[in-house]
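Taking it in order: structure first as C-alpha coordinates, then the write-up.
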Amino acid sequence: MKTISIINLKGGVAKTLTADNMAHVLAVFHNKRVLLVDNDKQGNTSKAFGVHSYDEKSLSDVLTARRLDVREVIKKTRFENIDVLPANMTLIRANMEVLMDTTRPQQTRLRAALDPVAGQYDFCIIDNAPDINISTINALVASDDVMVPITIDDFAIDGLAELKEQIDNTREDLNPQLRFCGCFVTQYDRANEADTQGEEFLKTLEYPVFDTHIRKTPKMKPSTFERLPIILYSPRCGASADYKALVEEWLRT
(Lines give C-alpha, C1' and ligand atoms only; values in the text may rest on other atoms or scores of the structure.)
Protein backbone atom coordinates (compact mmCIF):
# COMPACT_ATOMS: atom_id res chain seq x y z
CA MET A 1 0.00 0.00 0.00
CA LYS A 2 1.41 3.34 -1.07
CA THR A 3 0.40 6.22 1.19
CA ILE A 4 0.20 9.88 0.25
CA SER A 5 -0.54 12.90 2.41
CA ILE A 6 -2.37 15.89 0.97
CA ILE A 7 -1.42 18.83 3.15
CA ASN A 8 -1.02 22.59 3.32
CA LEU A 9 -0.90 24.83 6.38
CA LYS A 10 -3.18 27.24 4.53
CA GLY A 11 -6.92 26.60 4.40
CA GLY A 12 -9.19 26.89 1.39
CA VAL A 13 -6.81 25.35 -1.14
CA ALA A 14 -8.90 22.25 -1.96
CA LYS A 15 -7.07 19.67 0.16
CA THR A 16 -10.21 17.64 0.84
CA LEU A 17 -11.51 17.97 -2.72
CA THR A 18 -8.15 16.77 -3.97
CA ALA A 19 -7.94 13.78 -1.62
CA ASP A 20 -11.51 12.72 -2.41
CA ASN A 21 -11.23 13.15 -6.16
CA MET A 22 -7.83 11.48 -6.40
CA ALA A 23 -9.29 8.51 -4.52
CA HIS A 24 -12.17 8.34 -6.97
CA VAL A 25 -9.88 8.54 -10.00
CA LEU A 26 -7.66 5.76 -8.64
CA ALA A 27 -10.65 3.55 -7.83
CA VAL A 28 -12.61 4.06 -11.04
CA PHE A 29 -10.06 4.73 -13.77
CA HIS A 30 -7.17 2.67 -12.40
CA ASN A 31 -9.21 -0.05 -10.66
CA LYS A 32 -7.26 0.40 -7.43
CA ARG A 33 -8.39 -0.26 -3.87
CA VAL A 34 -8.17 3.00 -1.93
CA LEU A 35 -8.33 3.82 1.76
CA LEU A 36 -9.08 7.47 2.55
CA VAL A 37 -7.95 8.64 5.98
CA ASP A 38 -9.78 11.70 7.24
CA ASN A 39 -7.22 13.50 9.39
CA ASP A 40 -9.15 16.74 9.85
CA LYS A 41 -11.42 17.44 12.79
CA GLN A 42 -13.95 19.02 10.44
CA GLY A 43 -14.56 15.57 8.99
CA ASN A 44 -15.35 16.82 5.49
CA THR A 45 -14.06 13.70 3.77
CA SER A 46 -16.17 11.61 6.13
CA LYS A 47 -19.21 13.74 5.32
CA ALA A 48 -18.56 13.57 1.58
CA PHE A 49 -18.64 9.78 1.68
CA GLY A 50 -21.52 9.51 4.13
CA VAL A 51 -19.65 8.01 7.08
CA HIS A 52 -19.44 10.96 9.48
CA SER A 53 -20.68 10.03 12.94
CA TYR A 54 -20.20 10.64 16.65
CA ASP A 55 -21.77 7.31 17.56
CA GLU A 56 -19.07 5.09 16.11
CA LYS A 57 -15.31 4.85 16.42
CA SER A 58 -13.14 7.26 14.45
CA LEU A 59 -9.52 8.23 13.90
CA SER A 60 -9.48 9.62 17.45
CA ASP A 61 -9.87 6.10 18.80
CA VAL A 62 -7.16 4.79 16.48
CA LEU A 63 -4.72 7.34 17.88
CA THR A 64 -5.61 6.95 21.56
CA ALA A 65 -6.95 3.46 22.24
CA ARG A 66 -4.66 0.53 22.93
CA ARG A 67 -4.92 -2.67 20.90
CA LEU A 68 -7.70 -1.32 18.70
CA ASP A 69 -8.10 -3.12 15.38
CA VAL A 70 -8.36 -0.41 12.71
CA ARG A 71 -10.70 -2.68 10.74
CA GLU A 72 -13.32 -1.92 13.39
CA VAL A 73 -13.12 1.75 12.44
CA ILE A 74 -12.77 1.72 8.64
CA LYS A 75 -16.09 2.21 6.86
CA LYS A 76 -17.24 0.98 3.49
CA THR A 77 -18.66 3.65 1.18
CA ARG A 78 -21.21 3.55 -1.61
CA PHE A 79 -18.30 3.69 -4.06
CA GLU A 80 -16.66 0.44 -4.98
CA ASN A 81 -12.99 0.23 -4.00
CA ILE A 82 -13.14 3.27 -1.67
CA ASP A 83 -13.16 2.90 2.12
CA VAL A 84 -12.83 5.69 4.68
CA LEU A 85 -11.23 5.93 8.09
CA PRO A 86 -13.47 8.72 9.42
CA ALA A 87 -12.83 11.67 11.73
CA ASN A 88 -14.82 14.23 13.69
CA MET A 89 -14.32 16.99 16.25
CA THR A 90 -13.11 14.51 18.87
CA LEU A 91 -9.78 14.69 17.03
CA ILE A 92 -9.08 17.87 19.02
CA ARG A 93 -9.20 15.91 22.25
CA ALA A 94 -7.29 13.01 20.74
CA ASN A 95 -4.36 15.25 19.78
CA MET A 96 -4.11 16.44 23.37
CA GLU A 97 -4.37 12.90 24.76
CA VAL A 98 -1.61 11.62 22.50
CA LEU A 99 0.72 14.42 23.59
CA MET A 100 0.00 13.73 27.26
CA ASP A 101 0.54 9.98 26.92
CA THR A 102 4.28 9.42 27.21
CA THR A 103 3.96 5.71 27.96
CA ARG A 104 4.20 4.74 24.28
CA PRO A 105 5.41 6.29 21.01
CA GLN A 106 3.38 9.30 19.90
CA GLN A 107 4.39 9.87 16.28
CA THR A 108 4.08 6.33 14.90
CA ARG A 109 0.59 5.34 16.02
CA LEU A 110 -1.15 5.82 12.68
CA ARG A 111 1.54 3.93 10.80
CA ALA A 112 1.30 1.04 13.25
CA ALA A 113 -2.48 1.03 13.04
CA LEU A 114 -2.48 0.90 9.23
CA ASP A 115 0.08 -1.91 8.96
CA PRO A 116 -2.47 -4.74 9.40
CA VAL A 117 -4.58 -3.51 6.45
CA ALA A 118 -1.73 -2.54 4.12
CA GLY A 119 -2.30 -5.66 2.04
CA GLN A 120 -5.98 -4.87 1.52
CA TYR A 121 -5.40 -1.59 -0.36
CA ASP A 122 -3.27 -0.37 -3.21
CA PHE A 123 -3.26 3.25 -2.04
CA CYS A 124 -3.97 5.21 1.10
CA ILE A 125 -4.71 8.95 0.80
CA ILE A 126 -4.60 11.08 3.95
CA ASP A 127 -6.58 14.32 3.98
CA ASN A 128 -4.83 16.52 6.53
CA ALA A 129 -5.94 19.57 8.47
CA PRO A 130 -4.25 22.94 7.79
CA ASP A 131 -2.06 22.51 10.84
CA ILE A 132 1.02 20.81 12.18
CA ASN A 133 -0.10 18.83 15.20
CA ILE A 134 0.56 15.32 16.45
CA SER A 135 -2.01 13.77 14.10
CA THR A 136 -0.49 15.44 11.03
CA ILE A 137 2.96 14.34 12.16
CA ASN A 138 1.53 10.83 12.44
CA ALA A 139 0.29 11.21 8.86
CA LEU A 140 3.74 12.23 7.60
CA VAL A 141 5.35 9.33 9.43
CA ALA A 142 2.85 6.95 7.81
CA SER A 143 3.25 8.39 4.30
CA ASP A 144 5.45 7.64 1.34
CA ASP A 145 4.61 10.84 -0.58
CA VAL A 146 3.46 14.38 0.18
CA MET A 147 1.60 16.65 -2.24
CA VAL A 148 0.74 20.28 -1.47
CA PRO A 149 -2.21 22.01 -3.17
CA ILE A 150 -1.82 25.78 -3.51
CA THR A 151 -3.84 28.63 -4.93
CA ILE A 152 -2.20 31.53 -6.75
CA ASP A 153 -2.72 34.62 -4.62
CA ASP A 154 -0.76 36.96 -2.36
CA PHE A 155 -0.50 34.24 0.28
CA ALA A 156 0.20 31.28 -2.00
CA ILE A 157 3.45 30.26 -0.37
CA ASP A 158 2.56 31.15 3.23
CA GLY A 159 3.63 28.30 5.47
CA LEU A 160 5.40 26.35 2.73
CA ALA A 161 8.83 26.84 4.27
CA GLU A 162 7.58 25.64 7.65
CA LEU A 163 5.82 22.67 6.08
CA LYS A 164 8.88 21.72 4.04
CA GLU A 165 10.98 21.91 7.22
CA GLN A 166 8.56 19.57 8.99
CA ILE A 167 8.69 17.15 6.06
CA ASP A 168 12.49 17.23 6.12
CA ASN A 169 12.58 16.70 9.89
CA THR A 170 10.18 13.77 9.64
CA ARG A 171 12.29 12.22 6.90
CA GLU A 172 15.47 12.62 8.93
CA ASP A 173 14.12 11.44 12.27
CA LEU A 174 11.24 9.05 11.65
CA ASN A 175 10.52 8.21 8.00
CA PRO A 176 13.55 8.08 5.67
CA GLN A 177 11.43 7.15 2.63
CA LEU A 178 9.17 10.22 2.85
CA ARG A 179 9.17 12.09 -0.47
CA PHE A 180 8.01 15.65 -1.10
CA CYS A 181 6.54 15.26 -4.58
CA GLY A 182 5.75 18.94 -4.91
CA CYS A 183 3.02 21.54 -5.12
CA PHE A 184 0.17 21.72 -7.58
CA VAL A 185 -2.08 24.67 -8.40
CA THR A 186 -5.81 24.50 -7.71
CA GLN A 187 -8.61 26.90 -8.71
CA TYR A 188 -6.53 27.93 -11.71
CA ASP A 189 -7.96 30.44 -14.17
CA ARG A 190 -5.86 30.65 -17.31
CA ALA A 191 -7.81 33.76 -18.40
CA ASN A 192 -6.72 35.57 -15.25
CA GLU A 193 -3.45 37.44 -15.76
CA ALA A 194 -2.62 37.17 -12.08
CA ASP A 195 -2.81 33.39 -12.29
CA THR A 196 -0.56 33.19 -15.33
CA GLN A 197 1.96 35.58 -13.76
CA GLY A 198 1.79 33.69 -10.48
CA GLU A 199 2.43 30.46 -12.32
CA GLU A 200 5.71 31.88 -13.64
CA PHE A 201 6.62 33.07 -10.15
CA LEU A 202 6.12 29.58 -8.71
CA LYS A 203 8.66 28.23 -11.18
CA THR A 204 11.33 30.45 -9.62
CA LEU A 205 10.91 28.91 -6.16
CA GLU A 206 12.82 26.00 -4.69
CA TYR A 207 9.70 23.84 -4.49
CA PRO A 208 8.87 21.36 -7.25
CA VAL A 209 5.58 22.11 -9.01
CA PHE A 210 3.40 19.64 -10.92
CA ASP A 211 2.67 20.48 -14.55
CA THR A 212 -1.02 19.71 -14.01
CA HIS A 213 -3.21 22.53 -12.70
CA ILE A 214 -6.74 22.02 -11.40
CA ARG A 215 -8.88 24.52 -13.24
CA LYS A 216 -11.47 26.64 -11.47
CA THR A 217 -15.00 25.54 -12.27
CA PRO A 218 -18.47 26.61 -11.05
CA LYS A 219 -19.33 22.91 -10.96
CA MET A 220 -17.07 22.17 -7.99
CA LYS A 221 -19.16 23.72 -5.21
CA PRO A 222 -22.46 22.07 -6.21
CA SER A 223 -20.66 18.73 -6.51
CA THR A 224 -19.87 18.94 -2.79
CA PHE A 225 -23.53 19.54 -1.94
CA GLU A 226 -24.44 16.47 -3.97
CA ARG A 227 -21.67 14.49 -2.22
CA LEU A 228 -20.30 13.43 -5.58
CA PRO A 229 -16.78 13.40 -7.01
CA ILE A 230 -16.46 16.05 -9.70
CA ILE A 231 -16.07 13.44 -12.44
CA LEU A 232 -19.48 12.00 -11.61
CA TYR A 233 -21.14 15.37 -11.15
CA SER A 234 -19.68 17.03 -14.24
CA PRO A 235 -17.56 14.62 -16.29
CA ARG A 236 -16.88 17.16 -19.06
CA CYS A 237 -15.69 20.07 -16.92
CA GLY A 238 -12.03 21.04 -16.89
CA ALA A 239 -11.45 20.00 -13.28
CA SER A 240 -12.58 16.45 -14.05
CA ALA A 241 -9.93 16.10 -16.75
CA ASP A 242 -7.37 17.81 -14.54
CA TYR A 243 -7.79 15.45 -11.58
CA LYS A 244 -7.37 12.48 -13.92
CA ALA A 245 -4.22 14.11 -15.31
CA LEU A 246 -2.88 14.93 -11.83
CA VAL A 247 -3.20 11.33 -10.69
CA GLU A 248 -1.47 10.11 -13.83
CA GLU A 249 1.34 12.63 -13.40
CA TRP A 250 1.79 11.62 -9.76
CA LEU A 251 1.88 7.93 -10.66
CA ARG A 252 4.70 8.66 -13.12
CA THR A 253 6.86 10.45 -10.54
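The values are calculated or read from the model by the stated rules, or taken from the named source; none is laboratory data. For clarity, every value in this text was computed on a predicted model and none was experimentally measured. Positions of Cβ are backbone-derived with ideal geometry, glycine not excepted, and every protein chain shown enters the neighbour counts. Protein only, heavy atoms only, side chains kept; ligands, DNA and RNA dropped before computing areas. Shrake-Rupley method; radii C 1.70, N 1.55, O 1.52, S 1.80 Å.
Quick notes
- Entry remark, the stretch 155-181: residues being surrounded by 16 or more Cβ atoms within 10 Å (Cβ to Cβ), under 22 Å from residue 37 (Cβ atoms) and touching a helix residue (DSSP H, G or I) at 6+ places or on another chain (Cβ under 9 Å) number 9 in total.
- Residue check for residue 28: open to solvent by less than 30 Å² (accessible area, probe 1.4 Å), β-branched (Val, Ile, Thr) and touching a helix residue (DSSP H, G or I) at 6+ places or on another chain (Cβ under 9 Å): no
- Some residue of the stretch 76-86 being surrounded by 15 or more Cβ atoms within 10 Å (Cβ to Cβ) and more than 23 Å from residue 146 (Cα to Cα): yes
- A single member of 249, 200, 206 is open to solvent by less than 40 Å² (accessible area, probe 1.4 Å) and within 23 Å of residue 160 (Cβ to Cβ), and it is 249.
- Residue-level check: of (1) closer than 22 Å to residue 247 by Cα; (2) under 18 Å from the mean Cα position of the chain (by Cα); (3) open to solvent by 10 Å² or more (accessible area, probe 1.4 Å), residue 119 misses just (2).
- Pairs, first surrounded by fewer than 20 Cβ atoms within 10 Å (Cβ to Cβ) and basic (Lys, Arg) in the stretch 40-59, second at pLDDT 95 or above and not in a loop (DSSP other than H, G, I, E, B), C-beta under 8 Å, six or more apart: 57/72
- Residue ID - farthest from residue 223 (Cα to Cα), chosen from residues in the stretch 60-73 that are open to solvent by 10 Å² or more (accessible area, probe 1.4 Å) and of a type in the set (Val, Ile, Thr): 64
- For residue 249, the test of being among the charged types (D, E, K, R), in contact with an Asp or Glu (Cβ under 8 Å, 6 or more places away or on another chain), modelled with pLDDT of 90 or more and assigned to a helix (DSSP H, G or I) is passed.
A quick yes/no check of all residues on (1) free of Cβ contacts under 8 Å to residues at least 12 places away in the same chain; (2) out of contact with any Ser or Thr (no Cβ under 8 Å at 6 or more places or on another chain); (3) closer than 30 Å to residue 82 by Cβ:
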| site | (1), (2), (3) |
| --- | --- |
| 185 | no, no, yes |
| 190 | no, no, no |
| 213 | no, no, yes |
| 217 | no, no, yes |
| 229 | no, no, yes |
| 234 | no, no, yes |
| 242 | no, no, yes |
| 247 | no, yes, yes |
| 252 | yes, yes, yes |
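- Exactly one residue among 152, 132, 137 is within 14 Å of the chain's Cα centre (by Cα), open to solvent by 20 Å² or more (accessible area, probe 1.4 Å) and free of Cβ contacts under 8 Å to residues at least 60 places away in the same chain, and that residue is 137.
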